[in-house]
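The next block holds one structure in the form of structure tokens; read it before the comments.
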Amino acid sequence: MKTDIVQLFENPYLALGVSIAIIMAYLSVNAIMLIWLERKLSARIQRRIGPQRGPFGLMQQIFDMGKLLSKELLTPEHANKLLYVIAPILVFAPVVALSSLFPITSTYIFHDFNIAIVLILAISGINVIGIFLAGWGSNNKYALLGAVRSVAQNISYEIPLILSVIPIVMITRTMSLYDITLAQETYPFILVQPIALIIFIISATAETNRAPFDIPEAESELVAGFHTEYSGMRFGLFFFAEYSNMIFACALATVLFLGGWRGPLLPDAVWFFIKVYALIVLMMWFRWTFPRLRFDQLMKFAWVVLVPLSLINLLITTLVLKIV
Amino acid sequence: MALIKEILDGTKTLLTGMKVTLDNFRKPPVTSQYPMEKIEMSEAFRNVIVLIEKEDIGSHDCIDCKLCERVCPSFCIYLDGERPEGLRRKRSTKFEVDFALCSDCGLCLDVCPTDTLGYSKVHDEAGYNRSDFLYDLLEPWADKEEAARERLKEIEAEQAAERARKAAARKAKKVRREK
Amino acid sequence: MAQIELPLVANDPKDIEELREEVGPLVYMDLLENLLNHARSRSLWPLTFGLACCAIEMMAAGAARFDLDRIGAGVFRPSARQADVMILAGTISRKMAPAIKTLWDQMPSPKWAIAMGGCTIDGGPFKYPGQYAIVEGADKIVPVDVYVPGCPPRPEALFAALFKLEEKIRAGKKFKK
Amino acid sequence: MNRFEVEQDPKSRDTYYLNMGPQHPSTHGVMRIKLHLDGERIISAEPIIGYGHRAHEKMAENRDYIQFLPNPSRVDYLGGMIYNVGYCQAVERAMDIEVPERAEYIRIVCNELNRISSHLLWLGTFLMDLGAFTPFLYAFDDREKILDILDRITGSRLTYCYARFGGVILDIDDVFLDNVSNFCTYFVERLKEYEKLVIGNVIFRERTIGVGIFAPDLAQKYAITGPCLRAMGHENDVRKDEPYGIYDRFDFDVPTQTEGDCFARTLVRMEEMRQSIRIIEQAVSDMPNGLFLAARVPRRIRPPEGDYYFCVESPRGSFGMYIASDGSDIPFRLKLRTPSFSHISAMPAVMASTMLADAVAILGSIDIVVPEIDR
Amino acid sequence: MIADKLSSLLRDTTEVQYDARGFHVQYTASADTLPQIADAFLSENFHLEMITCQDRRENDDAFRLIYQFNQYGMPQRHVIHADIAPDATAPSIAATFPAADWYEREIFDMYGVSFDGHPDLKRILMEEDYFGHPLLKDFVDPPNPYRSEDDAS
């Protein structure tokens, strides 16, 4: 009943090319739409109107893209040119690579991979390297501070993130995202693993460097953090990466906890995206409500609250599974 | 246990905050959409000074007394005037204001003896040149100047007549008292 | 091939303009250039940068009542590398002048500057004989595109300035003051 | 961007200097703080000021007392009305000019409205420094309401030049009084919302409690005044201690806290807004009729020879004007004693051994206005 | 009491009308006793409200330093006037009152008065390489590119 789109093509390279093209196109449009959504949403929360260019202000993003594309690409004088240039690509690449793994519908998926979760958790760590290189290569103290903060933060929050995913794997005894979705036939895992979901959302917000965990790019402290020295479309790529990471994290949460494509009446893909965007709106709501944590408090929160909590959750899950 | 209580309390405060933002989300925006909705400036609104019309003269009544020029803390008023033939008062022939220097303090209005200074109600000016803001306040009145001078002559004649009458009355009174 | 005779001396600017039209550019990038200018003019990200009193009015223009985001100029970037327009809001002191020059140099082109308030136009209320601390006019440091008078200008005036700047950008090279 | 210096402490390779400013989002204008950092921890901080120096004091020596009228509100543009009125009161006392009752009441209402608007702007920018952007816009929205009220009678939004020697320049009307009382009722409710959104918030508490403590001996050493002093437990307010104008007629409290940290300063300022509302309500209900500008004001403002000191409670602390007159039209010397100057000079003592993010919080919480420091 | 402690240090004490002047007592002191005076005020819980300076070279051929001390709670302003010769230096009281540090730097910047024993006497408001002291009565701004040419008019 499921068909890998990749298997429809005889030539594997062609398959790869097509899927990357589709994903890139989707992610670009998605990032533009999300930026629009964020601006409109924040405007409403702040009782403003928000962008007004074009219908519903949609043209604003097109103009911004056009402007960023035509902006001068400055490279700071004392920057490490190679690191400086590849950093934005490294931040953006993992999302593109991993997006193909998500089962968006029950029938057609790009590729079902039986250790998808391990792959996701491993490769999504690469963007930290990208951020660090960006900070290191810029030769700017603010950027470096942002990069160092980012690395520390991402490493800390990776642990509760992984620990909150493990119970799901234990329950379903599979690491394929497709099979995990199938396993949620009767009920989504949010009902059995609510604490894991909360930990996952918090960690994911931290992993994507969104407020209230946006200390690597904390505007009021570090100017613009790790991308202080980036201009034009290189900066645009960081922007893209932020929103792509967001949708990536929310999609993972949807598959693991909210039953993926499952839902009554509406087609599979529609349900999947409704759930994803609902989570995204929640993350945006966080951002426009809360102040930012301090660096040491952020670490303390990860190690003193989240890690023990997820371990307890893991322990309880194990016990329950053993008994039942 | 204390830690769990702390976490729960903290979560509660966070949810309260989110509720406040949600409440505001439901309220309508407060934005006034500037180019589409023009805002009416209040009576007291201060901008560049203008010469305001005196009804009896049909034009401004700047008599080139130079009080505003002297009091201006930013030295942004440039005045010049002449005494037209047949008139007791002077008329200004040049009244320029460099608005870029002005600090909207309103001291010039305080000292104006004829109360012919007022504020412009323009609140959204911008220009491409530094020199765009050197306003010639007499420009709007240029074509009315001749008529105003004629009118002033009449007024002054009336005033002179009035004064003469009063002086005569006073003299008469004095004479009466002396008697 | 038609031969175009070029006069040896073209002092009259009108002649040069006519000649330009006759010769024409080799590659017609007009459409692209126009499109990009349209995009640029509608996405003016200002630098988070306040000098004095006018900065508060600039912040007020970005806040809910006036909302610079409506015209796409509400994305205040703290880093000069990502900003398009520098709004010089407030008195420029002589101590600050070199820093502003550096900031201007750090901005990637195309970039624009708006001088907000009398102080940045020519010293404003702070210009008087004996003044020793301020720069009398922002155009002594950076090339200013649009001037906004007032002390301080109302937020609407900043909007008007941004609209004027948009016009200037859209007109491209054809723009005449 | 910030031109940072690459100088390194030769003794240690683990510490570095970070230059915050002159253009930095959290210095609220143009100030520079040279931080000596060990990782995220501040070893020492050195504020470098003067980037907003506009030579107000030299200007005062070059113009007469009347011409100096527009200047005080530009020294501290957030409390422009209070400075403007304060300057007038200073000269009035030196010249012994009688001010009509109605003018005094109008001044009180405007002063306190201005104080609320200044505190609101502080609240917004402080929270923006802590990373919350939305309260900034709420605060600005409420501030606009005050500006609308003041704009109607003063004609300006920020740098007021409303007071004159012997009164104010324009009379108020019933619409103004209605607007003010409407605002008071609205704002009391609104303050509760702020408290829910801000004071209760656990992240805000984490960021501010115990951060940036002014040690008790700092007050005397650095002459701390205003809300920063009251947050340290001193019940000290110029409006109470040496009532100027007619502040002695009103019933209000001086809020104090004892901790002296950022959170205490926040609480003090929030309560101060409430007390300002109380003063406004009393002033509006007692508003007398009569003249708004004294009928007999000397034409030439020439204070008798001698020194004069007049201080008012600005939103940031005690703002003093020292006027040395030589009996002429032009002040011989006019010194502006500004509260932020003292507070910033205490920063090296407060910021030492805090975190980089705390430095931002501290700067936000003491509420600085850069041209007020630099004058 | 502060008055007793000060009586030996000060030359001339004038009670002034607080309601008219805004301060209570005015003293004249010689500059070299300033550190002792500062100590006396510190021990009586006074704080240093401000220091400023007047350029009185035309009349008295001196710079007049003005120190103003005040108390929390009940305001009690004591103003010390200390005249120093134009080329002399004054002792710094920054060790007693750290608040004096910046005020003294400001006076140095604006008037060129030097303070002995100041921890770090450098310009505070003007650039470090600026020359001249702007608040002097006979100060003339050196020509510079930041001033409009038409300024002379």
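We did not get these values from a lab; they are worked out from the coordinates using the rules stated. Just so we're clear, the structure is a prediction, and the values are computed from it rather than from any experiment. Counting neighbours? That spans all protein chains shown, and the Cβs are built from the backbone with ideal geometry, glycine included.
Side notes on the structure shown:
- Given D:Lys34/E:Lys5; A:Lys141/C:Lys168; D:Lys335/E:Lys5; C:Lys111/E:Lys137; D:Lys34/D:Lys335; B:Lys66/B:Lys144, the pairs whose alpha carbons are separated by over 32 Å: D:Lys34/E:Lys5; A:Lys141/C:Lys168; C:Lys111/E:Lys137
- Estimated translational D of segment A:1-110 in µm²/s (Stokes, Kirkwood radius over Cα pairs; 4 °C; 1.567 mPa s): 75 µm²/s
- Restricting segment B:1-98 to GluC sites (Glu not before Pro) in coil, as DSSP defines it, with at most 12 other Cβ within 10 Å: B:Glu37, B:Glu40, B:Glu43, B:Glu55, B:Glu85
- In a reduced charge model with +1 at each Lys and Arg Cβ and -1 at each Asp and Glu Cβ, segment A:13-172 shows a dipole moment near 700 debye about its Cα centre.
- Percentage of interatomic Cα-Cα distances in segment A:117-230 larger than 22 Å: 42 percent
- Computed over the Cα atoms of segment E:2-125, the ratio of the radius of gyration to the Kirkwood radius (Rg/Rh) comes to 0.95.
- For chain B, Kirkwood radius (reciprocal of mean inverse C-alpha pair distance, Å): 21.6 Å
- Longest site-free stretch - chain A; sites: GluC sites (Glu not before Pro), DSSP loop, at most 16 other Cβ within 10 Å: A:186-324
- With the Kirkwood sum run over all distinct C-alpha pairs, segment D:308-352 has a hydrodynamic radius of 12.0 Å.
- Note on B:Lys27: lysines with a C-alpha under 20 Å away, same-chain residues under 8 apart excluded, are A:Lys40, B:Lys19, D:Lys145, D:Lys192, D:Lys196.
- Segment D:165-204 and segment A:178-223: distance between their alpha carbon centers, rounded to Å: 40 Å
- Counting only Cβ charges, +1 for Lys and Arg and -1 for Asp and Glu, the dipole size of the protein assembly as shown around its Cα centre is about 1940 debye.
- Stokes-Einstein D in µm²/s, Kirkwood radius over Cα pairs - segment A:229-305 at 10 °C with 1.306 mPa s viscosity: 107 µm²/s
- Here is the tail figure for the protein assembly as shown: Cα pairs spaced more than 51 Å apart come to 32 percent of all pairs.
- Fraction of the pair-distance distribution of segment D:55-205 above 27 Å, Cα-Cα pairs, percent: 32 percent
- With 10 Å bins from 0: P(r) over segment D:56-367, alpha-carbon pairs, percent: 6, 27, 34, 23, 9, 1
- Kirkwood Rh and Cα Rg combined as Rg over Rh, evaluated for segment D:336-375: 1.00
- Kirkwood Rh (inverse of mean 1/r, distinct Cα pairs), segment A:72-323, angstrom: 18.8 Å
- Alpha-carbon radius of gyration plus Dmax, which is the widest Cα pair, for segment E:31-75 in Å: 13.0, 39
- The convex hull of the Cα atoms of segment A:70-116, projected and averaged over all directions, covers 5.6 nm².
- Anchor B:Lys5: lysines whose Cα lies under 19 Å away (excluding residues fewer than 8 positions away in-chain): A:Lys300
- Note that segment D:241-282, at 10 °C in a medium of 1.306 mPa s, gets a Stokes-Einstein diffusion coefficient of 140 µm²/s from its Kirkwood radius over C-alpha pairs.
- Per residue of the protein assembly as shown, the DSSP helices (runs of n ≥ 4 H) give a summed -39500 (n - 2.57) that works out to -14500 deg cm²/dmol at 222 nm.
- Farthest toward the positive end of the dipole of chain A, out of A:Val96, A:Ile316, A:Gln46, is the Cα of A:Gln46, where the dipole comes from beta carbon charges about the Cα centre.
- One equal scatterer on each Cα of segment B:64-126, no solvent, Debye formula: the resulting log10 I(q)/I(0) at q = 0.27, 0.29, 0.30 Å⁻¹ is -1.28, -1.38, -1.43.
- Taken residue by residue and averaged, Cβ atoms of other chains lying within 10 Å of the Cβ of A:263-269 number 0.
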